[in-house]
Amino acid sequence: MLSAGAGAKGPRRYAWAWITIAGSRDHQWLLIRRNRTTGELAFYRCYSPVPVVLAELVRVAGTRWAVEECFQTAKDQVGLDQYQVRGWTGWHRYITLAMLALAVLTVMAAQSRSASPPDPIADSHIALTIAEVRRLFNALVTTVTGNAAKTLKASLWRRRVQATARRSHYRERTRRRIDHEVPLEY
């Protein structure tokens, strides 16, 4: 049982197996991941220039989630998948602008966070997310008519509700672990 990294709800623990791919001159494996609750299987073809241990292959396979989350964020927040171009030049320009917009939103969200790590139990509201920065940017910069105070108040209210939901989730996870002493499956 190994963790593929930290997820939104804690470590992503799965059962793993690996098989050496026969006939390959290099170090190649078939890595198999099984979800302990659903039994769902996922397969990875892995390569390394040198022999590695299973835990290292699992760690590298877990980095896939960060890449997928980045693409999903780009699709949701800046319309990465909304292009309708016919040529490479137009496609390249659109993708470049979309990724630049995502980079600007990401930097703005990161700069709004304090240098110390947040305490999810004590914080009254969550830090600005990329989605919230985009929402504020659209409401405060691109909209000609609007009430800035009302927009900022709505943002703070939304982030307080999200912080309350996060605290409740963490308390429930802690209660379930203490009451039942059963590891949580995600």
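I want to verify the translational diffusion coefficient of region 2-62 in µm²/s; compute it with Stokes-Einstein, Rh as the Kirkwood radius over Cα pairs, at 20 °C and 1.002 mPa s. Estimated via Stokes-Einstein, D reaches 176 µm²/s. Near Ser48, once Lys and Arg are set to +1 and Asp and Glu to -1 for all other residues with Cβ below 14 Å from its Cβ, the sum equals +1.
Projected onto planes of every orientation and averaged, the convex hull of the alpha-carbon atoms in region 66-112 covers 3.4 nm². Net charge around Val104, counting only other residues with Cβ within less than 15 Å of its Cβ (Lys, Arg = +1; Asp, Glu = -1)? With Lys, Arg at +1 and Asp, Glu at -1, the neighbours total +1.
Only Cα pairs under 8 Å and at least 6 apart count here; give the relative contact order of region 2-62 as a rounded whole percent.
Computed value for region 2-62: 32 percent relative contact order.
Only the coordinates and a few stated rules stand behind these numbers; no lab work does. Note that the coordinates shown come from a computational prediction; the quantities given were computed from them, not determined experimentally. All Cβ positions, glycine included, derive from the backbone under ideal geometry; neighbour counts span all protein chains shown.
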